[in-house]
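K.L.:
Let me begin by handing over the structure; questions about it come next.
The values are calculated or read from the model by the stated rules, or taken from the named source; none is laboratory data. Owing to the predicted nature of the structure, the values given are computational and were not obtained by experimental measurement. Side chains are part of the model used for accessible areas, which takes the heavy atoms of the whole protein and leaves out ligands, DNA and RNA. Shrake-Rupley method; radii C 1.70, N 1.55, O 1.52, S 1.80 Å.
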Amino acid sequence: MSERPAEACKQQEQKQEKDKQEDEQEGKETMMGARRRVLMKFTFVRHGETKANKERCIQGHTDIPLCESGEEQASRAGERLQDVVFSRVYASDLCRASATCRRILDKNTRHPPPIIIDKRLRERNFGSVEGLGFEEVLKLAEANGSSWPSYSPPGAETLGEVQARLVAFFKGEKPSGQPGQESAEANMEEENMRNEAKEKEATQKKPDEGVDEGGDGGGDGGGEAREHVLVVSHGAALRQLYTHLHRTLGCALPGTLGPDAPLRLTPNTGISQYTVSYSPKTYTLECVRIHDNAHTQGM
């Protein structure tokens, strides 16, 4: 009878030792995971102004070049981003976006890589209303029992279709050696809820702090490596991407911006910047700035 308590005691000691070893291993994995965190930055820029922008006409897939003021806007955006080290550069194939991207890189002092043209970054296809004035399109939307921008004219892409291709592009961009964002995104909503207080504190920044230059300041400094992706796209297309990042993924907005900020059409050459902090199982997303066109002041 006396052997049973002794045996039970021994089993309890073995269990405690096993639990201790597992806790130590988990702690090591957590520390290793923290060291493996990788920070990636995205700078999104809308193209410069065109004649159609000035006249408030719908452009869509119609290939319209920059006007003189649009060229100046693009050059000013380039001056503002001149010291940023970009590891990848993408632009829509429409000339107003690719020309804006070239002018930005012409001002860059940090030997940027060549532009990668990606059709997924195109503006929304507006179908039968391309070339029409905005006020006329609003009347057509109302006559069809809809409102702008959810109205889908004949031959146009739906908002969901535009968002799908922009999100597919974003998910495909990740640091070398990291898992796809598809698997991490499933954990992101829960991660954001756990880190809500931390994120709010981290994003209480003045909107005029200036664009982060060179990749050493701003965002989460705990990453081992940093890549910076420049993306030049279009107003309606970027609006759908920002809606996904903030409304679907729950990314907090910087400063005192209201919840509808992502739904606004970003101004020509407006700069929006995000950081993505990857860890082995998930990632966290921070909006550093959105719709920032301070470089066009005085034009």
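K.L.:
Measure out, as a whole number of angstrom, how far apart the alpha-carbon centroids of region 240-299 and region 79-109 sit.
P.N.:
Computed from Cα coordinates, the inter-centre distance equals 19 Å.
K.L.:
Past the 27 Å Cα-Cα mark, which pairs from K171/K281; K51/K171; K54/K107?
P.N.:
Correct reply: K51/K171.
K.L.:
Something else about it: Using the heavy atoms of the protein chains alone and a 1.4 angstrom probe, what is the accessible area of region 251-299 per residue in square angstrom?
P.N.:
37 Å²
K.L.:
Could you pull the Cα extents of region 23-173 along its three principal axes, largest to smallest, in whole Å?
P.N.:
Rounded to whole Å, the extents work out to 67, 40, 20 Å.
K.L.:
Of all accessible surface on region 52-170 at a 1.4 Å probe, what whole percent is carbon and sulfur?
P.N.:
Result for region 52-170: 49 percent of the exposed heavy-atom area is carbon or sulfur.
K.L.:
Using a 1.4 angstrom probe, figure out how much accessible area region 83-141 has per residue, in square angstrom, rounded to the nearest whole.
P.N.:
With the other protein chains kept in place, region 83-141 gives 46 Å² per residue.
K.L.:
Could you check how much of the accessible area of region 243-285 is carbon and sulfur, as a whole percent, using a 1.4 Å probe?
P.N.:
58 percent
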